[in-house]
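Before I ask anything, let me first share the structure, which is written out below as structure tokens.
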Amino acid sequence: MTEVEKYQRQKALATCGGVCEVCGKPLTNSTWQGAHRIANTKTNRAKWGNFVIDHPLNIAIVCSLACNHVCNIGYNQGECLKLVQQIVQKELGNFQASKYFEEKKLQEGRN
Ligand SMILES: [Zn+2]
């Protein structure tokens, strides 16, 4: 595991509050796994795109393979669309916030 991967794992663990999203069991750095809500398959990548499949909101932090399976929503078109909507809303919010700060910086530079 690289330092970047270690950091990403620690960050993901901190984001979920240190417990399994499905059963609530406490997680440690070495025991948790990332569960794709829309499964990481060739078909899903073609349908939804890498942006959705690799997005943090598409990945649940869970304790076991059993909890991993519970997270799969790929069979439910409505749930998939809701998740995609959440991802787009989050990214749009981030985009608008960064635009706002860019413009603010430009304005401050003029004064
Ligand atoms: Zn669990």
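Take segment 3-30 and flag every residue that is polar (S, T, N, Q), modelled with pLDDT under 85 and either over 29 Å from residue 81 (Cβ atoms) or surrounded by fewer than 12 Cβ atoms within 10 Å (Cβ to Cβ) (or both).
10, 15, 29, 30
Follow-up question, since we're still on this one. Under 9 Å between Cβ atoms, which residue pairs at least 6 apart in sequence (or on different chains) link something in segment 60-72 that is farther than 15 Å from residue 26 by Cα with a partner that is more than 9 Å from the ligand (Cβ to nearest atom) and assigned to a loop (DSSP other than H, G, I, E, B)?
Every condition considered, the pairs that remain are 71/37; 72/37; 72/38; 72/39.
Taking segment 52-79 as the search range and keeping residues that are away from the ligand (no atom under 16 Å from the Cβ) and assigned to a helix (DSSP H, G or I), which one is surrounded by the most Cβ atoms within 10 Å (Cβ to Cβ)?
The residue in question is 58.
Is it the case, given these coordinates, that residue 68 is among the polar types (S, T, N, Q) and under 13 Å from the mean Cα position of the chain (by Cα)?
no
Also, quick follow-up: The conditions are (1) within 16 Å of the ligand (Cβ to nearest atom); (2) without any contact (Cβ under 8 Å) to a residue 40 or more places away in the chain; (3) among the hydrophobic types (A, V, I, L, M, F, W, C), and residue 20 fails exactly one of them. Which is it?
Just one mismatch for residue 20, condition (2).
Also: Go through (1) away from the ligand (no atom under 16 Å from the Cβ); (2) within 24 Å of residue 5 (Cβ to Cβ); (3) surrounded by 10 or more Cβ atoms within 10 Å (Cβ to Cβ) one by one and return the number of the condition residue 103 breaks.
(2)
Separate question: Please find, within segment 1-17, the residue that is farthest from residue 67 (Cα to Cα) out of those that are part of a loop (DSSP other than H, G, I, E, B) and either within 14 Å of the ligand (Cβ to nearest atom) or within 13 Å of the chain's Cα centre (by Cα) (or both).
Of everything passing the filter in segment 1-17, 17 is farthest from residue 67 (Cα to Cα).
The values are calculated or read from the model by the stated rules, or taken from the named source; none is laboratory data. Bear in mind the structure is a predicted one, so any value in this text is a computation, not a measurement. Heads up, the Cβs are rebuilt from the backbone with ideal geometry, glycines too, and the neighbour counts pull from every protein chain shown.
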